[in-house]
Amino acid sequence: MSSIATITIAPGAVERRPADQTAKPDDLLARQRIEPVSTARHRVPRWLRRLSGPVLLVLLWHVASQTGVLPSEVLAGPTTVIGSAAKLVDNGELQDAMLISLSRALAGLAIGGSIGVTLAVVAGLFRLGEDMVDATMQMLRTVPAVALIPLLIIWFGIGEAPKIALIALGTAFPLYLNVYAGIRNVDSTLIEAGRTLDLSRSAMIRHVVLPGALPSALVGLRYSLGIAWLALVFGEQINATAGIGYLMATAREMFQTDVIVVCLVVYALLGLGVDFTVRTLERVFLAWRPAFSGT
Amino acid sequence: MAASLQRNLNVGEAVAPPLTPKRSKAPLPAVRVRGLTRRFGEREVLKSLDVDIAPGEFVALLGASGCGKSTLLRILADLDREIVGEVEVPVRRAVAFQAPRLMPWKKVWRNVVLGLPGRPDRARALAALDEVGIGHRADVWPKVLSGGEAQRTSLARALVREPDLLLLDEPFAALDALTRIKAQDLVAELWQRHGCAILLVTHDVEEAVLLADRVLVMKDGVIAHEERIDLERPRDVADPVFARIRGSLLDSLGVRHGTHGNA
Ligand SMILES: Nc1ncnc2c1ncn2[C@@H]1O[C@H](COP(=O)(O)OP(=O)(O)OP(=O)(O)O)[C@@H](O)[C@H]1O
Ligand SMILES: [Mg+2]
């Protein structure tokens with residue numbers, strides 16, 4: 001079954017003879033010099049380079065406040081903010097609030113995460129699980145968790161429960177989706193290799209499927225934590241009597257922009273801490289991966 | 001060496017064994033395939049194929065790309081059961097694929113002993129890695145291995161299982177010429193030490209003639225040609241008998257050997 005192809009030669013192509021190329025004068029040749037990675041480039045430590053952006057931003061903010069470009073009713077300057085933070089730390093208010101908010105986030109994440117991961121493992125490993133769980137989850141995930149706040153309040157009242165439930169709902173889905181995809185996308189050639197090694201089903205899951213799904217699972221964790229924070233901020237707007245959200249609500253009523261900024265910074269710091277944790281987890285558990293580290 | 005046999009599948013009518021035993025002294029073949037048919041949709045890739053491999057025999061399998069070599073090997077490895085026919089293979093089998101297929105999340109030595117009963121036995125892994133000459137790479141991640149090192153790890157992983165049948169699917173195809181020669185020598189040496197039957201799928205006629213007791217040529221879904229090679233080992237490519245066998249194999253592959261150099 002062979003077919004004959006008709007070859008058409010474009011007019012320009014005929015003129016491109018090797019002779020033309022070899023005759024190219026030296027100075028017309030585009031050259032690139034490959035620079036070695038110099039040690040000089042790394043004399044400034046990485047963390048310092050990363051820090052320079054935020055420091056510059058704070059400096060700008062400070063200058064704007066000092067010169068009156070940014071009035072304190074709109075946004076308190078960094079010095080005022082630091083002063084209020086010191087006061088809040090002194091009387092213990094900030095620590096208490098942080099602890100409460102953090103424990104809310106962790107409780108929600110623990111509940112939502114366990115549900116998400118469990119469902120993903122069931123759906124990922126068992127055909128029956130897939131049929132029963134996956135379609136339902138794919139349908140439910142389209143509902144934004146925040147839109148459920150009214151229902152949650154009706155179901156759980158206005159105490160801790162709706163806040164934690166909101167965070168749990170928000171975090172379950174990203175973990176579910178990523179762990180499930182991770183399990184389903186494990187390299188099939190490795191599964192086959194495992195079969196030729198006579199791995200039992202449980203050994204296959206332990207040594208091949210779950211480690212293969214781990215990178216994706218950690219991506220899910222990262223998303224989940226991001227959402228946990230968002231959900232925390234929303235949740236703490238529900239009639240909080242303690243926590244960072246409560247601190248913020250009180251400050252709003254008294255037009256204390258400095259305290260609001262302190263709370264924002266605390267949210268950001270908590271977020272950074274969580275991000276750092278995930279990075280560390282990735283470094284430990286994904287050490288085997290040929291990761292792109294950039295330059 | 002008596003290979004323990006596993007009856008894998010026995011479908012369809014009983015096929016009378018038409019083949020006369022190649023070696024009268026071998027009582028039971030390590031691999032026995034009768035009337036093996038494999039279809040992908042309408043296409044029959046294997047058409048009632050028969051093949052025997054004696055215990056300890058080194059068989060090379062040649063054939064044009066896409067003729068079904070890997071398909072046969074996967075069936076022998078029990079990775080594919082959508083078949084018709086009769087297949088018997090040893091219970092103790094091991095496979096090395098064209099890609100090393102190491103678990104990237106396990107250190108090299110743990111890859112080698114993965115799947116063996118009991119706790120991961122480091123000493124055993126090291127012994128196997130030493131045997132293929134990369135004992136010093138035991139504690140690195142697979143991603144940092146070179147292609148040749150990874151392939152040798154895969155070989156160590158196969159051999160540590162002490163198989164009665166070793167299935168090799170173009171394990172050297174991705175290696176450079178020099179590394180390939182070393183790997184071929186290694187396989188020959190390991191085969192003589194372990195005494196397992198080997199089925200080596202390859203594209204390289206020279207490699208087949210260098211290593212195998214018997215070379216099979218697959219065509220149109222059956223073993224179309226077979227060449228027994230009784231040359232002394234180690235074999236010499238320059239030997240006129242070697243050249244004659246290579247020529248006849250190239251002929252049966254449909255490549256005129258006048259146009260084919262020492263590729
Ligand atoms: N899972 C599959 N589904 C459909 N067709 C398949 C499948 N696996 C193999 N085939 C077909 O069967 C034929 C034989 O494939 P196989 O991989 O055995 O070839 P091969 O002889 O090993 O070739 P190569 O030398 O290129 O590796 C090919 O045409 C291939 O397209
Ligand atoms: Mg193949």
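The values are calculated or read from the model by the stated rules, or taken from the named source; none is laboratory data. This structure is a prediction, so every number in the text was calculated from the model and none was measured. Note: ideal-geometry Cβ built from the backbone for every residue, glycine included; neighbour counts use all protein chains shown. Surface areas here come from the heavy atoms of the whole protein model, side chains and all, with no ligands, DNA or RNA. Shrake-Rupley method; radii C 1.70, N 1.55, O 1.52, S 1.80 Å.
Answer yes or no: is there a residue in region B:179-198 that is modelled with pLDDT of 95 or more, within 14 Å of chain A (Cβ to nearest Cβ) and assigned to a strand (DSSP E or B). Checked region B:179-198: no residue is modelled with pLDDT of 95 or more, within 14 Å of chain A (Cβ to nearest Cβ) and assigned to a strand (DSSP E or B). Is it the case that some residue within region B:138-155 is touching a helix residue (DSSP H, G or I) at 6+ places or on another chain (Cβ under 9 Å), of a type in the set (Gly, Ala, Ser), under 30 Å from B:LEU28 (Cα atoms) and within 13 Å of chain A (Cβ to nearest Cβ)? Yes.
Of the numbered criteria (1) open to solvent by less than 10 Å² (accessible area, probe 1.4 Å); (2) within 14 Å of chain A (Cβ to nearest Cβ), the one B:GLU162 fails is (1).
Counting only residues that are more than 14 Å from every other protein chain (Cβ to nearest Cβ) and at pLDDT 85 or above, region A:282-295 holds 0 of them. Note on region B:176-222: residues that are within 23 Å of B:LEU28 (Cβ to Cβ) and within 16 Å of ligand 2 (Cβ to nearest atom) amount to 3.
The sole residue among A:GLY245, A:GLY212, A:GLY235 that is touching a residue at least 24 places away in the same chain (Cβ under 8 Å), farther than 15 Å from A:VAL266 by Cα and away from chain B (no Cβ under 14 Å) is A:GLY235. Meeting the requirement of 3 or more residues that are within 16 Å of ligand 2 (Cβ to nearest atom) and in contact with a strand residue (DSSP E or B) (Cβ under 9 Å, 6 or more places away or on another chain), the helices (runs of 4 or more DSSP H) wholly within region B:60-157 are B:69-76. Quick check: is even one residue across region B:238-246 surrounded by 17 or more Cβ atoms within 10 Å (Cβ to Cβ), within 22 Å of B:LYS69 (Cα to Cα) and within 16 Å of ligand 1 (Cβ to nearest atom)? Within region B:238-246 (the criterion being surrounded by 17 or more Cβ atoms within 10 Å (Cβ to Cβ), within 22 Å of B:LYS69 (Cα to Cα) and within 16 Å of ligand 1 (Cβ to nearest atom)), the answer is no, since none of the residues qualifies. Pairing each residue of region B:180-205 that is charged (D, E, K, R) with any residue that is surrounded by 24 or more Cβ atoms within 10 Å (Cβ to Cβ), provided the two are 6+ apart or on different chains, yields C-beta distances under 6 Å for B:ARG180/B:PHE172.
Condition check: within 14 Å of chain A (Cβ to nearest Cβ), within 16 Å of ligand 1 (Cβ to nearest atom) and crowded, with 20+ Cβ neighbours inside 10 Å. Does B:ASP169 satisfy that? Here the answer is yes, as B:ASP169 does meet what is asked. Applying the set (1) more than 21 Å from B:LEU253 (Cβ to Cβ); (2) crowded, with 18+ Cβ neighbours inside 10 Å; (3) more than 16 Å from ligand 2 (Cβ to nearest atom) to B:ILE53 leaves exactly one unmet item: (1).
Set side by side, the residues B:ALA60, B:ALA77 differ, and just one is surrounded by 18 or more Cβ atoms within 10 Å (Cβ to Cβ), away from chain A (no Cβ under 13 Å), closer than 18 Å to B:LEU165 by Cα and within 16 Å of ligand 1 (Cβ to nearest atom), which is B:ALA60. Scanning region B:105-115 for residues that are surrounded by fewer than 19 Cβ atoms within 10 Å (Cβ to Cβ) and at pLDDT below 95 returns no hits. For region A:219-266, filtering for residues that are assigned to a helix (DSSP H, G or I) and open to solvent by 20 Å² or more (accessible area, probe 1.4 Å) leaves 22. Could you please give the count of residues in region B:53-79 that are among the charged types (D, E, K, R) and under 12 Å from B:LEU216 (Cα atoms)? Qualifying residue count, region B:53-79: 1. Of the residues making up region B:80-97, those that are within 11 Å of ligand 1 (Cβ to nearest atom) and more than 22 Å from B:GLN151 (Cβ to Cβ) are B:ASP80, B:GLU82. The set of residues in region A:182-209 that are part of a helix (DSSP H, G or I), open to solvent by 40 Å² or more (accessible area, probe 1.4 Å) and either touching a residue at least 24 places away in the same chain (Cβ under 8 Å) or away from every other protein chain (no Cβ under 13 Å) (or both) contains only A:ARG184.
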